[in-house]
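Below: one structure, written as structure tokens.
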Amino acid sequence: MRTKHLIPNHAAGLTYAARDSAARDNNGYGGADGIDPFEGFPDAVLGLIVSKLPFRSAVAASAISRRWRGAANAAPALDIDFAAAFPAAPRRRAAFAAAATAALARRPASPHPLRRLRLALDGLFDQAFAAPAAEHLACWLASAAARGVERLELRLPRSRLAVLPPSLLACTALTSLTLRLDHYALPLPSPATFARLSRLHLASVSLNGDDDFFGDLFSHCAELRNVVLEKCRIGALRLAGPSGLRSLAITDCTWAQESSLAVFEMPELRSLRYSGAMATRHVTDGSISSLDQVLLAIEKPQAKPREDTLRELIALVGNSPSLLLSPWCTEQFARVEEWLKVRLDRVRRLSCIIERREEAALSIAPLLSNCRNVEELRVSVVPSQGTRRRCSDAECHGLLRSKGVMLKHLKGVRMKYIDESKSGLELVKLLLKNASALETMNIVPSMDGLEQAMFRRRVLKFRKSSRNASIQFCTAG
């Protein structure tokens with residue numbers, strides 16, 4: 001096999017011609033006797049050097065010198081980004097895949113452990129050489145399994161030939177597994193062999209609830225602590241323990257028209273991140289009351305959700321000590337009829353993202369009236385795409401008086417990009433008036449120059465119920 005094209009340009013000085021020329025000059029790499037200086041280096045050192053290089057350079061090094069041919073098998077970390085190595089030229093891609101397989105297939109007498117392996121295989125399953133692509137992938141995973149790979153990230157392109165090989169299940173020493181599968185519609189293999197798995201990240205996978213993938217996951221992976229579902233297509237998601245799961249992230253997933261999210265027997269769950277779209281139903285047995293941190297970045301749905309959906313969502317995660325809400329979630333959590341049934345007495349750290357509208361800053365007043373024990377408040381304002389509505393004086397004072405906001409435990413406030421709108425000033429005034437234990441208030445105004453100076457003068461004139469309150473104005477977030 002020709003290997004000239006595998007040598008990158010920046011390694012042109014390491015060719016045999018340059019070595020022989022330097023040997024003749026008696027001041028080259030090997031001196032007068034032409035001995036390769038790397039002959040005395042242990043495999044672990046060469047493997048560490050290879051792990052710092054792009055995999056294209058690692059394969060090129062194995063073609064340059066015999067001493068380097070086994071360096072790839074001694075590297076503690078490998079990053080095989082196929083598209084970055086050869087973004088074009090199908091024949092060269094085929095030669096690169098064959099050279100990579102040959103470099104990884106060499107098994108030394110004492111194998112070196114492989115800590116991390118990343119396989120980004122965009123372009124590997126092109127029509128020009130799609131037939132041997134599956135064999136190459138199976139060989140790479142088998143070699144990684146033989147070295148006891150601990151962290152694996154596998155990215156497969158959209159192709160009918162891009163299938164998870166059985167050699168993946170041979171990686172029994174995995175502690176972290178990331179599968180980025182573009183529109184992968186086949187059922188996932190059973191994770192029963194991953195007994196040491198502590199982190200699982202699934203991206204672009206279809207989860208219909210027909211198979212028992214998560215049932216096997218929680219049954220056999222006793223050390224599992226983190227699960228991330230990213231951009232998956234979900235019909236029904238059932239997470240049932242008993243399990244020691246501590247962190248769950250469901251980000252930017254698409255849900256079927258009649259979908260459900262069920263969480264049972266998760267007493268150790270501490271962190272929940274829920275963003276993008278949301279399921280139609282949320283079911284729990286109350287075992288996740290131990291949540292310490294919740295991030296709800298749910299986008300506004302096209303169709304108005306049912307009242308039961310909102311009630312279930314609020315009951316699921318509402319009373320967490322640390323709560324971060326997106327603009328739409330802030331509006332829903334501040335609805336009066338919902339708060340007649342749900343209290344937020346456990347909330348200590350509250351973060352709200354609101355849209356830049358005339359009444360937006362004031363809209364969190366009903367939410368604050370129910371978070372009576374909040375100690376830290378963060379408010380961030382983002383641009384709004386909706387219509388701008390004026391908030392009259394009667395509306396501002398009426399909302400504030402009707403809620404009876406009492407913030408006896410509030411100590412720190414940070415407000416980003418608050419402007420001089422009536423509701424923004426009224427919110428600052430409300431916090432200063434009702435937070436008797438307030439210590440610091442940091443404000444990042446959305447204006448600068450003369451407008452910011454006028455805004456500061458108006459804020460500093462407000463009455464403060466806390467004598468120790470310090471108001472600071474910052475120019476950057």
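General observations
- The requirement of being surrounded by fewer than 13 Cβ atoms within 10 Å (Cβ to Cβ) and modelled with pLDDT of 90 or more is fulfilled nowhere in region 444-451; no residue meets it.
- For first residues located in region 453-477 and in contact (Cβ under 8 Å) with a residue 24 or more places away in the chain, partners that are open to solvent by 100 Å² or more (accessible area, probe 1.4 Å) and assigned to a helix (DSSP H, G or I) and lie 6+ apart or on another chain with Cβ distances below 7 Å form the pairs 463/433; 465/433; 471/460; 473/456.
- Of the residues making up region 253-278, those that are touching a helix residue (DSSP H, G or I) at 6+ places or on another chain (Cβ under 9 Å), of a type outside the set (Ser, Thr, Tyr) and at pLDDT 90 or above number 1.
- Filtered by the rule that a residue be under 21 Å from residue 197 (Cβ atoms), under 24 Å from the mean Cα position of the chain (by Cα) and surrounded by fewer than 20 Cβ atoms within 10 Å (Cβ to Cβ), region 122-149 gives no residues.
- Checked against (1) aromatic (Phe, Trp, Tyr); (2) at pLDDT 85 or above; (3) not in a loop (DSSP other than H, G, I, E, B), residue 455 passes all but a single condition, namely (2).
- Qualifying residue in region 309-317 (condition: farther than 20 Å from residue 371 by Cα and either open to solvent by less than 50 Å² (accessible area, probe 1.4 Å) or not basic (Lys, Arg) (or both)): yes
- Some residue of region 75-93 being part of a loop (DSSP other than H, G, I, E, B), within 30 Å of residue 178 (Cβ to Cβ) and at pLDDT 75 or above: yes
- Some residue of region 98-119 being modelled with pLDDT of 75 or more and farther than 19 Å from residue 143 by Cβ: no
- Meets criteria (in contact (Cβ under 8 Å) with a residue 12 or more places away in the chain, touching a His at 6+ places or on another chain (Cβ under 6 Å) and not β-branched (Val, Ile, Thr)) for residue 146: no
- Region 346-363 - residue that is more than 17 Å from residue 446 (Cβ to Cβ) and open to solvent by less than 70 Å² (accessible area, probe 1.4 Å) and, of those, modelled with the lowest pLDDT: 363
- Here residue 407 fulfils each of the conditions (1) of a type outside the set (Gly, Ala, Ser); (2) out of contact with any Lys or Arg (no Cβ under 7 Å at 6 or more places or on another chain); (3) modelled with pLDDT under 70; (4) closer than 20 Å to residue 333 by Cβ apart from (3).
- Of all the residues in region 146-185, those that are basic (Lys, Arg) and either under 15 Å from residue 78 (Cβ atoms) or outside any loop (DSSP other than H, G, I, E, B) (or both) number 4.
- Test result for residue 174, at pLDDT 90 or above and over 28 Å from residue 283 (Cβ atoms): yes
- Scanning region 167-199 for residues that are open to solvent by 50 Å² or more (accessible area, probe 1.4 Å) and either touching a strand residue (DSSP E or B) at 6+ places or on another chain (Cβ under 7 Å) or closer than 22 Å to residue 102 by Cβ (or both) yields a total of 6.
The values are calculated or read from the model by the stated rules, or taken from the named source; none is laboratory data. Bear in mind that the values here come from a model prediction, so they are computed numbers and not experimental data. When we count neighbours, we look across all protein chains shown, and the Cβ atoms used for this are built from the backbone with ideal geometry, even at glycine. Note: accessible area is taken over every heavy atom of the protein model, side chains too, but ligands, DNA and RNA are not part of it. Shrake-Rupley method; radii C 1.70, N 1.55, O 1.52, S 1.80 Å.
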